[in-house]
1. Give just the number: which of (1) modelled with pLDDT under 95; (2) within 15 Å of ASP682 (Cβ to Cβ); (3) touching a Gly at 6+ places or on another chain (Cβ under 9 Å) does ALA521 not satisfy?
2. What helices (runs of 4 or more DSSP H) lie completely within region 210-295 and have 1 or more residues being crowded, with 23+ Cβ neighbours inside 10 Å, of a type outside the set (D, E, K, R) and modelled with pLDDT of 95 or more?
3. Pairs under 8 Å by beta carbon, first residue free of Cβ contacts under 8 Å to residues at least 60 places away in the same chain in region 354-382, partner of a type in the set (Asp, Glu), six or more apart or different chains?
4. Hey, any hits in region 357-365 for a residue that's in a loop (DSSP other than H, G, I, E, B), among the β-branched types (Val, Ile, Thr) and buried (at least 22 other Cβ atoms within 10 Å of the Cβ)?
5. Please pick out the residue among LYS492, LYS481, LYS542, LYS511 that is within 37 Å of the chain's Cα centre (by Cα) and not small (Gly, Ala, Ser).
6. May I ask you to say which residue of ILE386, ILE420 is buried (at least 19 other Cβ atoms within 10 Å of the Cβ), closer than 19 Å to VAL319 by Cβ and modelled with pLDDT under 95?
7. Within the bounds of region 48-63, is there any residue that is buried (at least 17 other Cβ atoms within 10 Å of the Cβ), out of contact with any strand residue (DSSP E or B) (no Cβ under 6 Å at 6 or more places or on another chain) and at positive phi?
Amino acid sequence: MTDNLYNLLFHPESIAVIGASNEKLKTGGRVTDNIKSNGYTGKLWAINPKAPDVMGLPTFKSVADLPSTPDLAYIAIPAPFVRASLEELAAKGTKAVIILTAGFGEKDQKGKDEEKIFLEIAAKNNMTLIGPNCSGFLTTCYSGKFAGLIPRLKKGQIDIISGSGATVDYLMEQATMRGLSFSNVVNMGNSIQIGVEDIFELVDENYGPENSRLILMYMESVKKPQKLLKHARSLTRKGCTIVGIKSGVTAAGERAAASHTGAMASPDTAVQALFDKAGIIRVQSKAELIEIACTFNAIKGLITDYRVCIVTDAGGPGVMLSDELGRQGLKQPILSEQTQKRLSEVLPPEAAIGNPIDTLPSRTPEQMEKIFTILNETEKDNIDVIFAITGNSGMTDNWKLYEAIMKGMDNGSIPVIPIISSASTCRDMIDRLRDAGRIIFTDEVPVGIALGRLSRKPVLAEPIELPINFDKTKIENILKKQGEQLDPDAVKGIMAAAGLKLPFQADVFDKANLKAACERAGYPLVMKVIGPLHKSDVGGVKVGIADYEKAIIAFDELMKIKDAKGVLVQQMIEGTEIIIGAKKEDRFGHLIMFGLGGIYTEALKDVSFALAPLGVEESMSMINRIKTLPILKGIRGQKGVSIDVLADYLARLSLLVHNFPQIEEIDLNPVKGYGKELYVVDARIIQKK
């Protein structure tokens with residue numbers, strides 16, 4: 001895409017509306033009026049074969065009659081006539097078209113077939129299509145939207161990029177009540193040609209100082225995950241924060257898979273891993289989007305730390321906020337002796353001055369001003385955010401109190417988040433606050449959650465460089481000679497070539513070779529059936545075999561198992577069992593999984609996922625996310641494992657599947673040992689031929 005397309009869609013110098021009308025209750029009339037009435041300064045042309053004059057605009061009977069080629073065209077006519085208008089626009093040379101008309105792919109198969117014809121017209125004429133079934137674009141240049149709220153747009157505010165028009169409307173309705181403002185609001189409709197991911201590409205390639213530092217995103221399907229990943233990461237590096245909803249996540253049923261990793265990795269797991277790797281904060285509702293946007297606005301973007309001081313006129317709300325901050329892992333430092341001394345000179349003896357600062361309901365505007373001054377003078381190196389919780393105690397002029405809070409917001413270096421709890425009795429004053437350009441908060445717990453989400457925003461990490469003892473050539477040669485399911489020798493060869501440590505093991509297909517293999521492994525040892533996929537499920541694993549006589553018995557029993565081809569004799573490794581795996585997800589790449597191994601993998605489901613390739617930092621994050629981490633580190637006197645070695649193994653496995661995308665699934669289950677002596681005890685690799 002080019003900057004020219006960005007300008008055509010976001011800053012067109014001329015717009016033609018096909019289906020423009022004087023009737024404002026019609027789609028064409030409403031979108032024309034919205035563009036005309038909301039400050040658009042370019043050329044606006046109306047096309048209507050039956051009306052000689054539409055809203056006093058230059059009006060034409062057809063596209064062919066236009067004096068020149070419009071930068072952007074809107075189509076707002078009945079569905080049967082859309083194709084002909086597209087062809088007329090193509091002949092005129094128009095390169096950007098927004099189709100508002102519904103009744104296509106979202107309706108039936110006939111509509112889907114018609115959309116394919118639209119795509120053919122667009123492809124032949126180098127035309128970009130938005131929609132159909134689209135509510136339009138709002139930008140700082142023009143208000144090209146026919147439905148819902150049309151707010152006043154300003155540069156440097158919030159952008160919304162959505163795959164749903166109704167979601168945009170509802171989101172803006174609720175957000176403007178809280179005092180949020182917008183710059184660009186786009187809805188992609190049916191997204192037959194370009195979707196949410198493509199808009200991210202355009203915004204990224206044209207991102208500058210005046211662009212929004214916060215993008216709210218809604219999408220129902222991720223059609224181009226690699227494009228979203230690339231441009232969301234790029235925007236994040238440029239200082240933009242992205243908060244998004246991906247809906248449609250319920251599982252459709254059990255997934256058939258040849259590995260534990262494949263069975264546990266769902267499509268939504270891939271989406272979450274994509275968002276994490278892209279630096280996107282994922283939420284589940286419009287309310288969460290709005291709360292995070294309000295909080296982001298109040299603290300003036302992301303901050304270095306999130307140490308909090310609470311100033312409240314009621315104990316209960318302060319305690320609930322403290323509880324939530326604790327759940328979010330945010331610090332609430334005790335104020336210094338100097339600060340507490342100065343506060344005690346301002347507040348009555350009954351007031352609490354540690355943190356929270358409980359001012360009591362008798363607080364005055366003058367006291368509030370002094371509290372903000374003291375905190376900014378004595379705690380600026382200790383406190384990063386101040387919450388000011390206030391209700392209507394009936395003991396003071398609330399507007400003057402709000403004015404004191406606004407002074408604290410404007411004059412201090414520490415951001416202030418005001419929580420106005422009396423949303424009914426102070427409704428008129430809250431409206432005045434919003435009209436003064438302030439963000440409105442009425443509940444302390446949701447904003448505490450939002451602050452926690454901002455503090456834990458996914459951090460971008462770079463993949464590991466090719467490490468030592470990673471032999472790509474050898475791995476490539478092994479894979480070329482194998483079928484879909486790699487034989488044990490091939491698996492061992494790939495593990496060694498990737499720098500993953502293996503215990504001694506030998507494949508025994510003839511009992512005559514059993515004794516020599518057992519003596520090399522050393523007793524006690526492990527014997528596993530070769531052939532069946534899930535060995536434990538069929539009794540195909542024998543452990544703690546102490547001597548040759550017991551090895552003979554185990555060999556005979558294992559060879560009786562259905563599909564048994566031989567027996568693997570292996571050095572017995574003690575230690576905590578760990579699983580590391582990878583599963584290829586269509587279009588997303590490979591999901592890497594980490595967790596406790598053995599039977600606990602599916603019993604506990606305490607696993608973490610990330611998209612390959614990984615860096616060591618990202619691998620560490622995966623390890624630290626599991627709840628059973630204390631078991632890995634060693635608990636109640638038990639020996640632990642090296643987290644550094646585990647992170648290295650995760651990074652190596654991610655490089656393996658990233659460099660060899662033909663690999664469909666891998667399980668290293670278990671990885672086992674103590675300290676730095678970790679071994680891949682069992683492994684399975686499946687590739688696509």
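The values are calculated or read from the model by the stated rules, or taken from the named source; none is laboratory data. As the structure is a computational prediction, the values presented were derived from the model and not from experiment. So basically every Cβ, Gly included, is an ideal-geometry build from the backbone, and we count neighbours across all protein chains shown.
1. (3)
2. Numbers: elements: 225-237, 260-264, 267-278.
Correct list: 225-237, 267-278.
3. Filtered contacts from region 354-382: ASP358/ASP313; THR359/ASP313; LEU360/ASP313; LEU360/GLU350; PRO361/ASP313; ARG363/ASP313; PRO365/ASP397; PRO365/GLU403.
4. First, the residues of region 357-365 that are in a loop (DSSP other than H, G, I, E, B): 359-364.
In the following step, the residues that additionally are among the β-branched types (Val, Ile, Thr) were identified as 359, 364.
Restricting the remaining residues to those that are buried (at least 22 other Cβ atoms within 10 Å of the Cβ) gives 359.
Yes, that holds for at least one residue.
5. So the residue among LYS492, LYS481, LYS542, LYS511 that is within 37 Å of the chain's Cα centre (by Cα) and not small (Gly, Ala, Ser) is LYS492.
6. Values: ILE386 fails: modelled with pLDDT under 95.
Testing whether each residue is buried (at least 19 other Cβ atoms within 10 Å of the Cβ), closer than 19 Å to VAL319 by Cβ and modelled with pLDDT under 95 leaves just ILE420.
7. For region 48-63, residues buried (at least 17 other Cβ atoms within 10 Å of the Cβ), out of contact with any strand residue (DSSP E or B) (no Cβ under 6 Å at 6 or more places or on another chain) and at positive phi: present.
Listed here are the residues, each with its yes/no results for (1) polar (S, T, N, Q); (2) touching a strand residue (DSSP E or B) at 6+ places or on another chain (Cβ under 6 Å); (3) more than 30 Å from PHE182 (Cβ to Cβ); (4) surrounded by fewer than 16 Cβ atoms within 10 Å (Cβ to Cβ).
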site: MET429; (1), (2), (3), (4): no, no, no, no
site: LEU433; (1), (2), (3), (4): no, no, no, no
site: ARG453; (1), (2), (3), (4): no, yes, no, no
site: VAL459; (1), (2), (3), (4): no, no, no, yes
site: PHE470; (1), (2), (3), (4): no, no, yes, no
site: LYS474; (1), (2), (3), (4): no, no, yes, yes
site: ILE478; (1), (2), (3), (4): no, no, yes, no
site: GLN485; (1), (2), (3), (4): yes, yes, yes, yes
